[in-house]
Each structure stands twice: as C-alpha cells, then as structure tokens.
Amino acid sequence: MDIEEDIRSLQLDSAAEENNGMVNPEDAKQEEVEMVDKMAEDPKDEVHTVSEPVHAEPKVKDKEVSAAENLESVKEAEEKVKRHLNVVFIGHVDAGKSTTGGQILFLSGQVDDRTIQKYEKEAKDKSRESWYMAYIMDTNEEERVKGKTVEVGRAHFETETTRFTILDAPGHKSYVPNMISGASQADIGVLVISARKGEFETGYERGGQTREHVLLAKTLGVSKLLLVVNKMDDPTVNWSKERYDEIESKMIPFLKASGYNVKKDVQFLPLSGLMGTNMQTRVNKNTCPWWNGPCLFEALDSIEVPLRDPNGPFRMPLFDKFKDMGTVVMGKVESGSVREGDSLLVMPNKAHVKVIAIYCDEDKVSRAGPGENLRIRLSGIEEEDILAGFVLSSVARPIVAVTEFIAQLQILELLDNAIFTAGYKAVLHIHSVVEECEIVELQQQIDPRTKKPMRKKVLFVKNGAVVLCRVQVNNLICIEKFSDFPQLGRFTLRTEGKTVAVGKVTGLPSLSGSA
C-alpha cells in the first residue's frame with residue numbers, strides 16, 4: 001500500500017512540475033504517442049487536440065454561422081442603401097447611344113473581354129468596325145445589320161451609390177413609339193449628341209430627332225437631362241472647345257423652350273463613347289485641357305431625383321407579359337410597394353390576382369418599392385387576358401378605368417393644312433397605353449403666358465396654342481389625374497409619325513369608379 005501511495009504522490013508532483021513549465025520527458029513522449037494515435041483515429045480533431053478541448057467545436061461553428069448571418073444582413077442593408085434609377089438614352093439616329101450604353105456596361109464589368117472580341121470580329125466581318133460596342137445593347141440581327149436600334153434595349157450596371165437600369169431607345173423616326181415606351185419608364189435621360197461635323201446639325205434641324213426626343217422626354221416625365229456631346233475624338237472635332245461651346249449655345253435656348261430649367265435640371269459633358277474617354281474616369285488633361293467637370297459616371301451618381309411614395313396606393317403599368325411557370329408581367333412601379341403573397345387587381349378588367357414571385361433585375365426579391373423595374377409572377381389570370389397598358393393596382397384604392405377624360409393640351413406642330421378642332425383624331429400615348437383617340441370638344445383656350453382661360457367657347461386652335469378639351473377613346477384605359485400621379489397623367493398625341501401635341505389629364509368623369 002505504501003508503495004502505491006508513494007507512486008501516486010510522485011505522479012502528482014510531476015503534474016505540478018509540468019504546470020510550472022517543467023515537462024517530464026517520458027510523459028511528453030507518452031503524450032506524443034497518444035496524440036498520434038488520436039490523429040490516426042480521427043484526423044478532423046487535429047486542430048482541437050493542439051489548441052482546445054474538443055467540446056469547444058460547436059462554439060466555433062456558432063460564431064461562423066452568426067458571422068455569415070451578419071455578412072448577409074450587411075449585404076442586404078447595402079443593397080437597400082443603393083438607390084435605383086432608370087436612365088433612358090435618347091437622341092438622333094447614329095449619335096452613338098448604343099455604343100455609349102455598351103461602353104458603360106464594359107467599363108462597369110458587365111461584359112467580359114472575350115465577348116467584346118467576339119463582337120469586334122462580327123462587326124469587322126460586316127465591314128462596320130466601329131459598331132462593335134453597340135452590339136452589347138443591340139442584340140437582334142436586324143439591328144446589327146442595319147446599325148439601327150429598333151426595340152428598347154435594357155441592361156443593368158452599378159456604381160458605388162446607385163443601381164442603374166439602362167434603357168437604350170431607338171433614334172430613328174420610324175421607331176418613335178418604341179422610344180416613347182422607353183422614356184415613359186425613365187427617371188433621368190441621357191441625350192446623346194454627335195459632335196461630328198454635319199451630324200449635330202442634321203439631328204438638330206427641323207425633322208431631326210434631337211428636338212422631338214427632348215420634347216417627348218419632358219412630356220413623359222424625364223425631369224433631369226444629362227446632355228453628352230459624343231464623338232469628341234472624331235478627326236473633324238478633335239476635342240475642340242469651340243465645337244463643344246457651339247453645340248451648348250444652340251441647345252440651351254431649345255431646352256429652355258421645351259420646359260427644362262437649364263441651371264437645375266440639365267448638365268452638359270463631352271465624351272467619346274467608342275473610346276470610353278471621360279466616362280468612368282475623368283478625361284486626361286493632355287487630351288482635353290479645357291474640361292474641368294465630372295466624368296459620366298460621376299455625373300450620373302450626383303443626379304438628384306424626387307423621392308416617390310413607398311406607402312402610396314400600388315400602381316404598376318404593364319408593358320409586357322409572357323408565360324413562365326404561370327403568368328409573368330413586366331412593368332415599372334410608379335407608386336407604392338409590393339410583397340410576395342400580396343393580393344392585387346389587374347385593371348381595367350378587374351381581375352383579382354396573387355403575387356407568387358417578384359424579380360428585380362435578375363434577382364428574386366421578397367418585396368420592392370417605387371421606381372423598380374420588376375417581373376412579377378401572378379396567379380389568377382391567364383397571359384392572354386393581359387394587354388400592354390393594363391395596370392397592376394392595389395385592391396383598396398384601384399386605379400380608375402375610363403373611356404373619356406378632360407385634358408390640357410399644348411399643340412406643338414400640326415401636319416400641313418390641319419386644324420385642331422372637335423373631331424380631330426390621333427394616337428394617344430400615356431404610360432404604356434397606345435390607343436386611338438378623338439377630341440370630342442374644345443372647352444376653352446388658355447393663355448400660355450398668364451395660364452388663365454381666354455375665351456369661353458373656342459372652335460379651333462393652331463400651333464403653339466394651349467387648350468382644355470375633352471378626349472374620348474374606344475377602349476377602357478387606366479389613367480390618373482396629373483396632379484395625383486404625374487407619371488400616369490401625362491401623354492402625347494401623334495399623327496402619321498409626328499408628335500402633334502403634349503398634354504396632361506386634368507379631370508376624370510365622376511362615375512369612373514363604376515365604369
């Protein structure tokens with residue numbers, strides 16, 4: 001017994017020595033052998049045998065999980081912080097809208113080098129070397145062969161503070177209705193002007209699209225305009241300050257006449273869309289010594305846009321629909337917010353629908369606010385029962401559907417020998433609605449200067465007149481008073497491919513709720 005006690009006391013002493021930093025070599029060897037055995041049994045425990053007891057493992061995992069959750073919530077918070085803007089590229093045909101849009105996507109990392117090389121080869125094969133950047137935006141074969149945008153191209157890119165949706169509108173006068181549908185979804189406009197000798201003049205003169213696009217943009221609610229003078233690298237221009245100043249001096253009076261406050265709402269800047277100069281980074285002083293302003297990305301980031309109401313009644317005009325595991329509709333939220341599981345109304349056919357899924361850009365989201373371009377999967381309605389111009393709206397406060405309304409119209413330019421009177425017919429463009437209409441009655445003419453009514457009864461008006469009139473359409477359309485929802489209450493009238501008048505809805509029939 002005594003021997004056993006002695007051995008025990010010796011073991012305790014050696015343990016104490018170990019704790020004081022003294023290690024018994026034999027014990028150390030024994031521990032090493034045990035460790036090797038343990039590692040052979042379970043290699044996963046290697047880390048824990050060296051550092052901590054095994055029972056600490058779950059804590060580490062918990063920490064990792066919570067860190068991952070924190071990262072996710074931070075990401076979500078960052079995404080929420082980033083505002084979203086829709087930018088429409090407008091301007092005369094061949095000004096370089098698609099090329100500038102393509103260059104933006106390339107510079108912001110949305111398109112890789114290999115794709116660019118493929119487009120370069122494709123453009124070279126068509127003997128159109130300078131078109132390769134435009135191929136990023138112009139995706140169908142017809143557009144590439146002709147070098148003309150037809151449909152409104154759509155793409156996304158981000159800067160540090162903002163998520164942008166690019167809407168690349170066609171410049172050719174034959175496709176103005178497509179340009180109208182693009183501009184009606186936009187918050188800000190980038191008016192692309194070619195500085196090349198002769199090209200600016202063609203776009204600006206009567207019949208050029210530069211003028212019509214500016215007027216349409218203002219009418220369609222594009223409140224801020226970024227006017228980029230493109231092709232500054234062209235041999236006829238060579239970053240000339242004189243040419244830039246000439247374009248600016250000609251555009252300013254016209255922008256003022258179109259209703260833009262040039263100091264507040266318009267910004268000019270020079271760039272080269274093909275070369276990407278003065279786009280993501282400021283232009284080199286060696287290239288352009290006189291330019292001290294921002295580059296395109298900085299200018300886009302700094303634009304302030306009025307906030308929309310996320311708590312207002314939900315309004316989303318639909319401009320497209322397709323079948324994909326149910327009915328999917330596309331549109332831009334003009335007011336209110338939408339969540340998965342919401343019950344909504346499709347107007348004017350009063351169909352009750354349920355929101356199954358919401359997609360913003362390419363990502364699935366659980367909710368979305370005003371200003372977002374969305375694809376929403378709905379249940380309760382068939383794809384063939386939806387037309388462009390229908391509006392997804394809240395059940396509690398649905399949008400009204402009418403066949404006639406009161407509007408204040410400004411006559412821009414009537415066709416030769418036409419007079420504007422009761423019985424005048426035109427095509428009405430209001431948000432995503434395109435509908436034939438007739439002027440039923442001219443109620444009173446308004447003095448453009450004083451904004452007050454002139455004579456009580458008026459029989460006809462000419463170019464430049466402002467008139468209050470009653471407009472009638474054949475089918476039910478969903479609109480709002482301009483004072484309540486500007487985006488759903490401003491419109492244009494077009495005849496034979498020309499914009500003849502712009503206007504705003506001032507009154508709706510009182511029985512419209514039961515219509």
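Scanning the stretch 229-271 for residues being in contact (Cβ under 8 Å) with a residue 24 or more places away in the chain, out of contact with any helix residue (DSSP H, G or I) (no Cβ under 6 Å at 6 or more places or on another chain) and closer than 30 Å to THR495 by Cα gives a total of 5.
Has the stretch 498-505 got any residue that is at negative phi and at pLDDT below 85?
If we filter the stretch 498-505 for residues that are at negative phi, which is where we start, we get 498-505.
Applying the additional criterion that residues be at pLDDT below 85 yields 498-499.
Scanning the stretch 498-505 turns up at least one residue that is at negative phi and at pLDDT below 85.
Matching residues to (1) at pLDDT 60 or above; (2) in contact with a helix residue (DSSP H, G or I) (Cβ under 9 Å, 6 or more places away or on another chain); (3) not in a loop (DSSP other than H, G, I, E, B):
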position: VAL93; (1), (2), (3): yes, yes, no
position: PHE106; (1), (2), (3): yes, yes, yes
position: GLU143; (1), (2), (3): no, yes, yes
position: ARG154; (1), (2), (3): yes, yes, yes
position: LEU167; (1), (2), (3): yes, yes, yes
position: SER181; (1), (2), (3): yes, no, yes
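In the stretch 329-351, what count of residues is obtained for those that are in contact with a Cys (Cβ under 9 Å, 6 or more places away or on another chain) and not in a strand (DSSP E or B)? So that I can check it myself, show each step before the final result.
From the stretch 329-351, those in contact with a Cys (Cβ under 9 Å, 6 or more places away or on another chain) are 347-348; that's our starting set.
Imposing the further condition that a residue be not in a strand (DSSP E or B) reduces the set to 348.
Residues in the stretch 329-351 being in contact with a Cys (Cβ under 9 Å, 6 or more places away or on another chain) and not in a strand (DSSP E or B): 1 in total.
Please indicate, with yes or no, whether at least one residue in the stretch 505-515 is under 27 Å from VAL222 (Cβ atoms) and within 27 Å of the chain's Cα centre (by Cα). Outline the logic, then answer.
So in the stretch 505-515, the residues under 27 Å from VAL222 (Cβ atoms) come out as 505-508.
Cutting the leftovers down to within 27 Å of the chain's Cα centre (by Cα) gives us 505.
There is at least one residue in the stretch 505-515 that is under 27 Å from VAL222 (Cβ atoms) and within 27 Å of the chain's Cα centre (by Cα).
One line per residue, one yes/no per condition, for (1) within 23 Å of THR403 (Cα to Cα); (2) part of a loop (DSSP other than H, G, I, E, B); (3) open to solvent by 50 Å² or more (accessible area, probe 1.4 Å):
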position	(1), (2), (3)
LEU428	yes, no, no
VAL434	yes, no, yes
GLU438	yes, no, yes
ASN463	no, yes, yes
VAL467	yes, no, no
ILE477	yes, no, no
SER483	yes, yes, yes
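When the residues of the stretch 375-408 are narrowed to those that are farther than 29 Å from GLY503 by Cβ and touching a residue at least 60 places away in the same chain (Cβ under 8 Å), which ends up most open to solvent (accessible area, probe 1.4 Å)? The residue in question is ALA396. Within the stretch 284-308, being under 22 Å from THR162 (Cα atoms) and either more than 22 Å from the chain's Cα centre (by Cα) or in a loop (DSSP other than H, G, I, E, B) (or both) holds for GLY293, PRO294, CYS295, ILE303, GLU304, VAL305, PRO306, LEU307, ARG308.
Just wondering, is there one or more residues in the stretch 196-204 that are under 22 Å from VAL502 (Cα atoms) and in contact with a Gly (Cβ under 8 Å, 6 or more places away or on another chain)? Within the stretch 196-204, one or more residues are under 22 Å from VAL502 (Cα atoms) and in contact with a Gly (Cβ under 8 Å, 6 or more places away or on another chain).
In this structure, is ARG455 among the basic types (Lys, Arg), closer than 27 Å to ALA186 by Cα and at pLDDT below 90? Considered against the rule, which asks whether it is among the basic types (Lys, Arg), closer than 27 Å to ALA186 by Cα and at pLDDT below 90, ARG455 comes out as no.
Consider the stretch 238-260 and keep the residues that are modelled with pLDDT under 90 and part of a loop (DSSP other than H, G, I, E, B). The one that is nearest to LYS285 (Cα to Cα) is TYR260. Condition check: in contact with a strand residue (DSSP E or B) (Cβ under 8 Å, 6 or more places away or on another chain) and not assigned by the TED database to the domain that holds PHE485. Does PHE390 satisfy that? Spelling it out, PHE390 is indeed in contact with a strand residue (DSSP E or B) (Cβ under 8 Å, 6 or more places away or on another chain) and not assigned by the TED database to the domain that holds PHE485.
Among the numbered conditions (1) touching a helix residue (DSSP H, G or I) at 6+ places or on another chain (Cβ under 9 Å); (2) touching a residue at least 40 places away in the same chain (Cβ under 8 Å); (3) not aromatic (Phe, Trp, Tyr), the only one that THR287 does not meet is (1). Among the residues of the stretch 431-453, none qualifies, meaning not one is free of Cβ contacts under 8 Å to residues at least 60 places away in the same chain, outside the structural domain of ARG211 (by the TED database), basic (Lys, Arg) and in contact with a strand residue (DSSP E or B) (Cβ under 6 Å, 6 or more places away or on another chain).
Scanning the stretch 340-361 for residues that are touching a Lys or Arg at 6+ places or on another chain (Cβ under 9 Å), free of Cβ contacts under 8 Å to residues at least 40 places away in the same chain and either within 20 Å of GLU480 (Cα to Cα) or of a type in the set (Gly, Ala, Ser) (or both) yields GLY341, ALA357.
This table checks each residue for (1) open to solvent by 40 Å² or more (accessible area, probe 1.4 Å); (2) in contact with a Lys or Arg (Cβ under 7 Å, 6 or more places away or on another chain).
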{"position": "TYR244", "(1), (2)": "no, no"}
{"position": "ASP265", "(1), (2)": "no, yes"}
{"position": "CYS295", "(1), (2)": "no, yes"}
{"position": "GLY312", "(1), (2)": "no, no"}
{"position": "PHE322", "(1), (2)": "yes, no"}
{"position": "LYS332", "(1), (2)": "no, no"}
{"position": "VAL338", "(1), (2)": "no, yes"}
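I'd like the full set of residues that are farther than 18 Å from GLU304 by Cα and open to solvent by less than 10 Å² (accessible area, probe 1.4 Å), limited to the stretch 221-234. Let's see the steps before the verdict.
Looking only at the stretch 221-234, we keep the residues that are farther than 18 Å from GLU304 by Cα, and these are 229-234.
Matches in the stretch 221-234: VAL229, ASN230, MET232.
For the stretch 390-429, a residue qualifies if it is at pLDDT below 90 and on the phi > 0 side of the Ramachandran plot, and exactly one does: ASN417.
The values are calculated or read from the model by the stated rules, or taken from the named source; none is laboratory data. All values derive from a computational prediction rather than experimental measurement. FYI the Cβ positions are ideal-geometry reconstructions off the backbone, even for glycines, and counts take in every protein chain you see. Keep in mind that these areas ignore ligands, DNA and RNA; they rest on the heavy atoms of the full protein, side chains included. Shrake-Rupley method; radii C 1.70, N 1.55, O 1.52, S 1.80 Å.
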